[in-house]
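First the structure, in the form of structure tokens, and then the observations on it.
The values are calculated or read from the model by the stated rules, or taken from the named source; none is laboratory data. The structure displayed is predicted, hence computed values, not measured ones. Cβ coordinates were reconstructed from backbone atoms using ideal geometry, including for glycine residues, and neighbour counts include every protein chain displayed.
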Amino acid sequence: MAGMIPTLTTPRLTLRPHRLDDFDAYAAMWAEPAVVRFIGGTPFTREAAWIRFLRHAGLWQHLGFGFLAIADRETGAFIGECGFHDLKRAIVPSIEGTMEAGWALVTTAQGKGLAEEAMRAALGWADEHGTGERITCLIEPDHAASIRVAEKLGFSRYTDGLYNGRSVVLLARPRGSAMTGIAVEEG
């Protein structure tokens with residue numbers, strides 16, 4: 001199931017495998033209150049960020065998909081991550097067995113269309129190389145910006161759910177819908 005981790009480029013971004021030298025910037029991102037406000041609500045400790053960072057390699061190894069680091073194409077600076085996972089979440093209703101999409105950007109990169117640009121590239125890759133008939137995502141109901149991004153990416157709300165005692169919106173899009181609309185190079 002494991003394959004090579006792709007590197008994708010868009011006009012402003014490079015999506016690539018996480019590297020050890022990304023970790024300090026990665027841990028700093030997950031410690032930002034504005035980043036985690038709608039992703040559990042509590043900033044990550046350095047240890048919790050490290051565990052999350054390490055799981056990326058395992059996702060690619062065992063599932064053939066995972067998350068990619070997002071780097072500014074001009075400067076090479078780490079500015080976030082996006083991609084897919086299947087975390088075997090205890091969520092009602094279950095989304096286990098689907099490629100669950102997700103994205104996060106450092107605060108200074110938010111509000112510039114970068115999440116949408118990055119996810120269009122990631123979805124283009126998933127449409128061709130992914131698994132399953134649909135791609136899902138879960139977003140907290142008050143996170144209007146991420147819901148707008150998901151809708152622009154072709155996700156549609158199909159139900160409300162409950163995860164860790166919190167309400168979430170569950171969205172899905174057909175895999176293979178090829179509505180990326182952005183030039184992407186795979187390298």
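Some observations on this one:
- Of all residues in the stretch 106-125, those being closer than 14 Å to residue 7 by Cα and touching a Phe, Trp or Tyr at 6+ places or on another chain (Cβ under 6 Å) number 1.
- Here residue 54 passes the criteria (1) hydrophobic (A, V, I, L, M, F, W, C); (2) farther than 21 Å from residue 120 by Cβ; (3) surrounded by 14 or more Cβ atoms within 10 Å (Cβ to Cβ) except the one numbered (3).
- Positions within the stretch 108-132 being among the charged types (D, E, K, R) and either buried (at least 17 other Cβ atoms within 10 Å of the Cβ) or modelled with pLDDT of 95 or more (or both), in sequence order: 112, 116, 117, 120, 127
- Taking the criterion of being out of contact with any helix residue (DSSP H, G or I) (no Cβ under 8 Å at 6 or more places or on another chain), modelled with pLDDT under 95 and under 21 Å from residue 66 (Cβ atoms), the residues of the stretch 1-45 that qualify are 4, 39, 40.
- Answer residue from the stretch 161-181, given it is of a type outside the set (Gly, Ala, Ser), buried (at least 17 other Cβ atoms within 10 Å of the Cβ) and under 22 Å from residue 127 (Cα atoms) and is modelled with the lowest pLDDT among those: 180
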